[in-house]
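Presented below is the structure to which this report refers.
The values are calculated or read from the model by the stated rules, or taken from the named source; none is laboratory data. This structure is a prediction, so every number in the text was calculated from the model and none was measured. We place every Cβ from the backbone using ideal geometry, glycine too, and count neighbours over all the protein chains shown. Keep in mind that these areas ignore ligands, DNA and RNA; they rest on the heavy atoms of the full protein, side chains included. Shrake-Rupley method; radii C 1.70, N 1.55, O 1.52, S 1.80 Å.
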Amino acid sequence: MTQRVPPGVAGAVDDAAAAPSETGFDARLYERFPTQERRPRGELKALKEVWATPTGWRAFSAVNNNFIGFLFIVTAFGFFVAAGILSLVMRVQLAAPLADVVPQETYNQLFTMHGSVMMFLFAVPAVEAIAVMLLPQMIAARDLPFPRLSAYSYWAYLIGGVFFFCSIFFSLAPSGGWFMYPPLSSGVYSKGINADFWLLGIGFIEISAIAGAIELIVGVLRTRAPGMTLAKMPIYAWAVLIFGVMIILAFPAMIMVTFLLELERAFNWPLFDATRGGDPLLYQHLFWFFGHPDVYIIFIPASAMVSTMIVTVAQKPLVGHEIVVLALIATGFISFGVWAHHMFTVGLPGLSAGYFSAASMAVAIPAGAQVFAWIATLASGKVQRNVPSLFLVGGILIFVMGGLTGVMVGMVAFDGQAHDTYFVVAHLHYVLIGSMVFPLFAGFYYWTPMISGRQLSERVGRWVFWLNFVGMHVCFLPMHLSGLMGMPRRVDTYLPGRALDVPNVISTIGAFIMAAGVLLFLIDAIRCYGRKGDGDGNARNVYKGGTLEWLSTGNYAVRSIPVVSSLDPLWADARLRQDVEAGRYFLPGTATGARETLITSSSRAEPQYVQIMPGPAWSPLLAALFTAGCFLLLTVKALALSGICGVLAVVCIMRWVWSNDRHIPQKQVDAGAGIMLPTYVTGPQSHGWWAAVLLVIVLGMIFLMSMFSYIYLFGAHPDWWKVAAPRSTLAPGLLLLGASAGLACAARPLMARLKRGSGLSAVAMALSMVCLVCALVLDVHDWWSAGLRGDASGQGATVYAMLAWHGSIVVAVVLSAFYYVARWMRGLAPAPANKTLEALRILFIYAAIEGAAGLLLPRLLPWGAL
Ligand code: HEM
Ligand SMILES: [Cu+2]
């Protein structure tokens with residue numbers, strides 16, 4: 001009897017023959033997937049049981065990406081509605097001149113909260129939430145690689161976000177605008193704790209976004225279905241990868257700037273106070289180094305959703321797939337070089353204004369390339385007429401209009417006229433609504449059948465679209481005009497008799513039309529998702545998409561993980577669904593009796609090992625609760641309680657890591673068709689190692705930002721340097737740090753080579769930690785005895801800020817050293833191939849390098865100033 005080789009398998013084998021293997025995996029093994037094989041009984045049942053979500057109130061301990069992703073999306077949408085309601089109040093206040101609907105201070109809080117919530121609690125989390133839900137399904141992974149981390153980042157976001165939002169009900173909301181420039185937001189002009197609430201809310205979103213980014217990057221690079229090489233990776237996965245990398249590079253600036261602002265507010269360190277050696281422009285540079293890429297962090301995944309849906313809607317492959325991938329990468333790259341276009345009016349030197357202006361316009365090129373690819377794809381196919389396609393086309397139109405005004409404000413001279421007027425308000429809403437809100441709605445309509453097994457109403461959907469589309473233009477088009485007529489943004493009213501009445505009342509009407517559209521959508525969504533039955537998660541591919549998420553049948557995504565050989569596997573292989581659902585591919589059941597997914601190599605996606613995944617647990621939820629408590633209580637200055645919460649949060653995190661870190665025996669399991677794969681891998685091959693390296697990159701970026709702050713202030717003030725640096729610390733400090741790094745390096749060979757190695761390696765880690773602490777103490781002590789004070793000068797503020805940040809890393813090192821020693825004492829750290837040890841070594845070595853940088857910079861930079 002001849003065996004049929006499924007097309008996917010055949011393609012992957014051909015491919016592998018064409019290119020050398022990345023990991024030594026033999027692609028001919030794929031041919032073992034016979035189509036006629038009888039699966040053992042009970043296999044599917046075991047798979048279902050292992051992946052079942054706990055029921056009742058225990059559902060909140062669930063960590064699966066479907067569950068968490070769904071809650072995440074709903075929460076983000078909730079914040080969109082809430083921030084939208086705030087904007088309606090603003091629009092009512094602005095409907096007529098000199099109206100008195102809300103007091104001025106409340107209006108200030110309204111626009112600050114509207115902007116902050118939209119940007120930080122809606123836009124970024126929403127695209128991240130969709131990635132959490134969609135990415136694993138699209139690349140046929142069973143879950144994201146660190147499910148408990150997603151749960152933690154979701155709960156931290158929910159709890160922090162709700163508290164942040166509620167501040168507006170107590171008149172405790174911040175009022176300095178969504179970018180909170182000092183000096184307006186400093187202790188002098190923003191008294192009370194309102195601004196601290198902003199810092200709190202933002203702090204949470206930073207934690208959540210970075211945790212999510214690390215996990216999404218590792219997810220894209222290491223959990224793709226076998227055969228899904230980078231060339232066959234869906235465009236959406238590319239976008240998620242770029243999104244993750246951008247978060248890792250951009251958010252550190254935001255973390256540093258919020259950290260510095262809080263230091264200035266809490267301890268009166270004059271970081272942004274020009275009269276005492278600080279500089280408010282430092283804040284703007286750091287903020288926009290984050291803030292501009294942030295817009296693209298939102299736009300890139302949303303635009304890839306557009307590409308994905310357009311392919312389906314047109315039933316044609318994306319025209320210029322490679323060009324669109326390149327365009328996404330280029331957009332991400334360029335967006336890091338344009339931040340100062342938000343600062344044209346602060347008096348940049350002519351040359352740099354010219355550079356930033358030109359670079360800003362260059363962003364239009366890749367964005368334009370994408371738009372043309374979309375139009376060409378739509379034109380080449382027979383476009384299905386449905387609600388997703390309406391939102392797609394509408395969104396592209398709106399986005400193009402926003403892009404055009406973007407090129408206008410990118411011109412320095414024009415920006416001088418339009419800056420801080422309603423023209424900018426119009427521009428930013430066109431961009432954000434076109435590039436993100438409309439694609440999001442399209443996505444809701446498009447993927448709802450996959451999530452709930454039911455469709456949102458097409459009939460109602462048309463109304464939702466037209467109300468939103470018309471309302472959007474009626475609201476924001478006149479703002480271009482009122483802006484050019486001189487109406488400033490962030491002002492609660494205007495005078496009569498200046499021709500501003502008409503455009504404003506039109507805008508208000510438009511806002512309510514849009515609100516009606518959103519309300520209609522909400523009603524339909526509740527109807528659709530609220531109904532019981534049928535919604536067993538069975539994906540009904542109503543739009544005939546070609547990507548793998550349409551094979552999802554449960555919490556575990558696909559029944560078996562297929563071999564992929566095309567960009568649109570479902571179109572390429574008509575039998576794929578059948579074969580996958582019959583369990584004819586990888587991991588049809590559970591090989592070890594636990595949740596598991598396949599880890600593949602980063603570029604060619606060759607199977608490497610079976611990752612055993614953690615299941616439901618309360619620790620992420622509790623840890624998030626206590627983290628939130630810690631920050632919140634700190635904000636209201638309840639120090640003791642905040643400390644207790646902090647300790648409890650650490651305990652919960654340790655518990656969670658401890659239970660995650662089961663020592664799995666290194667054995668080989670049958671991953672399907674007798675292909676044997678290991679269950680435990682260490683070193684650069686393991687996904688944990690990748691996450692540790694990414695974390696260190698984030699920490700390094702944050703520290704770089706603190707070094708930048710030092711250098712910037714040093715350069716901005718001629719006689720800035722107040723206290724001579726204690727040079728005598730340099731040699732002993734470096735010696736200690738060198739010893740620390742050396743000991744951490746030695747821990748592993750000690751364990752591998754010596755008989756009592758595991759004990760010695762624990763001692764080495766403990767000593768490494770001690771050296772690190774001593775170096776820090778020595779450093780702080782010497783600056784202090786040299787007379788440097790944080791509140792006395794810009795030098796003091798930046799040096800201590802750097803040390804404070806390094807101090808928090810040292811605290812993490814101390815905690816993890818205790819953790820490691822505790823594990824060793826319980827006999828849980830025996831083998832040389834030990835994941836905990838590997839991750840901790842990376843952290844320790846990084847901390848030593850960071851310490852050395854912090855030691856050197858403030859002693860060496862002012863060499864000439866001696
Ligand atoms: C129904 C839809 C919306 C309406 C009616 C609306 C209305 C407004 C208004 C009137 C302002 C200006 C307030 C002022 O300067 O005095 C504003 C600012 C802003 N909006 Fe919206 N908006 C909407 C949707 C959105 C969305 C979807 C986003 C982002 C995803 C967004 C982000 C912002 C931001 C960042 C600001 C600037 C806040 C600041 O100046 O600090 N808005 N919005
Ligand atoms: Cu920008």
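So, in the stretch 98-154, how many residues would count as being outside any loop (DSSP other than H, G, I, E, B), away from ligand 1 (no atom under 16 Å from the Cβ) and β-branched (Val, Ile, Thr)?
Number satisfying all stated conditions: 1.
Considering only the stretch 362-382, state which residues are at pLDDT below 90 and open to solvent by 60 Å² or more (accessible area, probe 1.4 Å).
Of everything in the stretch 362-382, just one residue is at pLDDT below 90 and open to solvent by 60 Å² or more (accessible area, probe 1.4 Å), namely 382.
Which numbered condition trips up residue 316, out of (1) closer than 21 Å to residue 375 by Cα; (2) open to solvent by 60 Å² or more (accessible area, probe 1.4 Å); (3) in a helix (DSSP H, G or I)?
It is condition (3) that residue 316 fails.
In this structure, does residue 596 turn out to be within 25 Å of residue 41 (Cα to Cα) and either within 26 Å of the chain's Cα centre (by Cα) or free of Cβ contacts under 8 Å to residues at least 60 places away in the same chain (or both)?
yes
Is it the case that the stretch 73-80 has a residue that's away from ligand 1 (no atom under 16 Å from the Cβ), of a type outside the set (Phe, Trp, Tyr), open to solvent by 30 Å² or more (accessible area, probe 1.4 Å) and within 30 Å of residue 193 (Cα to Cα)?
yes
Out of 103, 97, I need the residue that is over 29 Å from residue 203 (Cα atoms), surrounded by fewer than 24 Cβ atoms within 10 Å (Cβ to Cβ) and in contact with an Asp or Glu (Cβ under 9 Å, 6 or more places away or on another chain). Which one?
From the options 103, 97, the qualifying one is 97.
Let me confirm something: among 287, 333, which residue is aromatic (Phe, Trp, Tyr), within 16 Å of ligand 2 (Cβ to nearest atom), without any contact (Cβ under 8 Å) to a residue 24 or more places away in the chain and assigned to a helix (DSSP H, G or I)?
None of the other options fit; the residue is 333.
Inspect all residues belonging to the stretch 209-227 and state whether any of them is more than 12 Å from the chain's Cα centre (by Cα), in a helix (DSSP H, G or I) and acidic (Asp, Glu).
Filtering the stretch 209-227 for residues more than 12 Å from the chain's Cα centre (by Cα) gives 218-227.
Filter once more, keeping what is in a helix (DSSP H, G or I): 218-222.
After this cut, where a residue has to be acidic (Asp, Glu) as well, the list is none.
Scanning the stretch 209-227, I find no residue that is more than 12 Å from the chain's Cα centre (by Cα), in a helix (DSSP H, G or I) and acidic (Asp, Glu), so the answer is no.
Answer yes or no as to whether residue 264 is more than 16 Å from ligand 1 (Cβ to nearest atom), more than 30 Å from residue 791 (Cβ to Cβ) and of a type in the set (Asp, Glu).
Spelling it out, it is not the case that residue 264 is more than 16 Å from ligand 1 (Cβ to nearest atom), more than 30 Å from residue 791 (Cβ to Cβ) and of a type in the set (Asp, Glu).
Suppose we filter 43, 49 for residues that are open to solvent by less than 30 Å² (accessible area, probe 1.4 Å), among the acidic types (Asp, Glu) and under 25 Å from residue 553 (Cβ atoms); which single one remains?
Details: 49 fails: open to solvent by less than 30 Å² (accessible area, probe 1.4 Å).
Answer to the check: 43.
Tell me, yes or no, whether the stretch 27-34 has at least one residue that is part of a loop (DSSP other than H, G, I, E, B) and open to solvent by less than 60 Å² (accessible area, probe 1.4 Å). First the steps, then the outcome.
Step one: of the stretch 27-34, the residues part of a loop (DSSP other than H, G, I, E, B) are 33-34.
Now drop any that are not open to solvent by less than 60 Å² (accessible area, probe 1.4 Å), which leaves 33-34.
Checked the stretch 27-34: at least one residue is part of a loop (DSSP other than H, G, I, E, B) and open to solvent by less than 60 Å² (accessible area, probe 1.4 Å).
Please name all residue pairs, on different chains or six or more residues apart, with Cβ atoms under 7 Å, provided the first residue is in the stretch 359-373 and is among the β-branched types (Val, Ile, Thr) and the second residue is in a helix (DSSP H, G or I).
Every condition considered, the pairs that remain are 363/331; 363/334; 363/335; 371/396; 371/400.
Counting only residues that are assigned to a loop (DSSP other than H, G, I, E, B) and within 23 Å of residue 656 (Cβ to Cβ), which one in the stretch 596-617 is most open to solvent (accessible area, probe 1.4 Å)? Give the derivation first.
Filtering the stretch 596-617 for residues assigned to a loop (DSSP other than H, G, I, E, B) gives 601-606, 614-617.
Among the residues that remain, those that are also within 23 Å of residue 656 (Cβ to Cβ) are: 614-617.
On the way: 614: 17, 615: 19, 616: 56, 617: 16 Å².
Result: 616.
What are the residues in the stretch 506-524 that are open to solvent by 60 Å² or more (accessible area, probe 1.4 Å) and either touching a residue at least 24 places away in the same chain (Cβ under 8 Å) or more than 29 Å from the chain's Cα centre (by Cα) (or both), if any?
506, 509, 512, 523
When residue 174 is evaluated against the numbered criteria (1) under 17 Å from residue 634 (Cα atoms); (2) modelled with pLDDT of 90 or more; (3) open to solvent by less than 10 Å² (accessible area, probe 1.4 Å); (4) part of a helix (DSSP H, G or I), which criterion, by number, is the only one it fails?
Going through (1) under 17 Å from residue 634 (Cα atoms); (2) modelled with pLDDT of 90 or more; (3) open to solvent by less than 10 Å² (accessible area, probe 1.4 Å); (4) part of a helix (DSSP H, G or I) one by one, residue 174 breaks only (4).
Conditions tested, residue by residue: (1) at pLDDT below 90; (2) under 35 Å from the mean Cα position of the chain (by Cα).
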{"site": "10", "(1), (2)": "yes, no"}
{"site": "25", "(1), (2)": "yes, yes"}
{"site": "57", "(1), (2)": "yes, yes"}
{"site": "61", "(1), (2)": "no, yes"}
{"site": "74", "(1), (2)": "no, yes"}
{"site": "78", "(1), (2)": "no, yes"}
{"site": "93", "(1), (2)": "no, yes"}
{"site": "97", "(1), (2)": "no, no"}
{"site": "101", "(1), (2)": "no, no"}
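Condition first: within 27 Å of residue 824 (Cα to Cα), in a loop (DSSP other than H, G, I, E, B) and touching a residue at least 40 places away in the same chain (Cβ under 8 Å). Can you find one or more residues in the stretch 572-588 that meet it? I'd like the intermediate steps shown before the answer.
Initially, the stretch 572-588 is screened for residues within 27 Å of residue 824 (Cα to Cα), giving none.
No - not one qualifying residue is present in the stretch 572-588.
Among the residues of the stretch 722-739, write down those that are part of a helix (DSSP H, G or I), among the small types (Gly, Ala, Ser) and either under 23 Å from residue 790 (Cβ atoms) or open to solvent by 50 Å² or more (accessible area, probe 1.4 Å) (or both).
Within the stretch 722-739, 728, 731, 733 qualify.
Within the stretch 228-244, track down each residue that is open to solvent by less than 10 Å² (accessible area, probe 1.4 Å) and among the small types (Gly, Ala, Ser).
Of everything in the stretch 228-244, those that are open to solvent by less than 10 Å² (accessible area, probe 1.4 Å) and among the small types (Gly, Ala, Ser) turn out to be 237, 239, 244.
When the stretch 347-363 is examined, which residues are found to be closer than 18 Å to residue 408 by Cβ and within 15 Å of ligand 2 (Cβ to nearest atom)?
Scanning the stretch 347-363 gives 353, 356, 357, 358, 359, 360, 361, 362, 363.
Condition check ((1) buried (at least 23 other Cβ atoms within 10 Å of the Cβ); (2) aliphatic (A, V, I, L, M); (3) within 16 Å of ligand 2 (Cβ to nearest atom); (4) not in a loop (DSSP other than H, G, I, E, B)) across all residues:
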{"residue": "425", "(1), (2), (3), (4)": "no, yes, yes, yes"}
{"residue": "429", "(1), (2), (3), (4)": "no, no, yes, yes"}
{"residue": "434", "(1), (2), (3), (4)": "yes, no, yes, yes"}
{"residue": "437", "(1), (2), (3), (4)": "yes, yes, no, yes"}
{"residue": "444", "(1), (2), (3), (4)": "yes, no, no, yes"}
{"residue": "466", "(1), (2), (3), (4)": "no, no, no, yes"}
{"residue": "474", "(1), (2), (3), (4)": "no, yes, no, yes"}
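For the stretch 490-502, how many residues meet the condition of being farther than 10 Å from residue 97 by Cα and buried (at least 19 other Cβ atoms within 10 Å of the Cβ)?
0
Of all residues being open to solvent by 10 Å² or more (accessible area, probe 1.4 Å) and more than 16 Å from ligand 1 (Cβ to nearest atom) in the stretch 278-305, which is farthest from the chain's Cα centre (by Cα)? Just the residue, please.
Ranking the candidates gives 279 first.
Suppose we filter the stretch 338-352 for residues that are assigned to a helix (DSSP H, G or I) and crowded, with 16+ Cβ neighbours inside 10 Å; how many remain? Walk me through how you get there before you give the answer.
Step one: filter the stretch 338-352 for residues assigned to a helix (DSSP H, G or I), giving 339-346, 350-352.
Restricting the remaining residues to those that are crowded, with 16+ Cβ neighbours inside 10 Å gives 339-344.
Qualifying residue count, the stretch 338-352: 6.
Given the condition modelled with pLDDT of 85 or more and more than 23 Å from the chain's Cα centre (by Cα), answer yes or no: does some residue in the stretch 696-708 qualify?
So far as the stretch 696-708 goes, yes, one or more of its residues are modelled with pLDDT of 85 or more and more than 23 Å from the chain's Cα centre (by Cα).
For the condition out of contact with any Lys or Arg (no Cβ under 6 Å at 6 or more places or on another chain) and surrounded by 17 or more Cβ atoms within 10 Å (Cβ to Cβ), what is the one hit in 812, 744, 762?
762
Would you confirm whether or not the stretch 398-417 contains a residue that is buried (at least 23 other Cβ atoms within 10 Å of the Cβ) and more than 16 Å from ligand 2 (Cβ to nearest atom)?
yes
Within the stretch 64-96, count every residue that is part of a helix (DSSP H, G or I) and either farther than 30 Å from residue 503 by Cα or within 16 Å of ligand 2 (Cβ to nearest atom) (or both).
Residues of the stretch 64-96 part of a helix (DSSP H, G or I): 65-94.
Still in the running and either farther than 30 Å from residue 503 by Cα or within 16 Å of ligand 2 (Cβ to nearest atom) (or both): 65-76.
The qualifying residues number 12.
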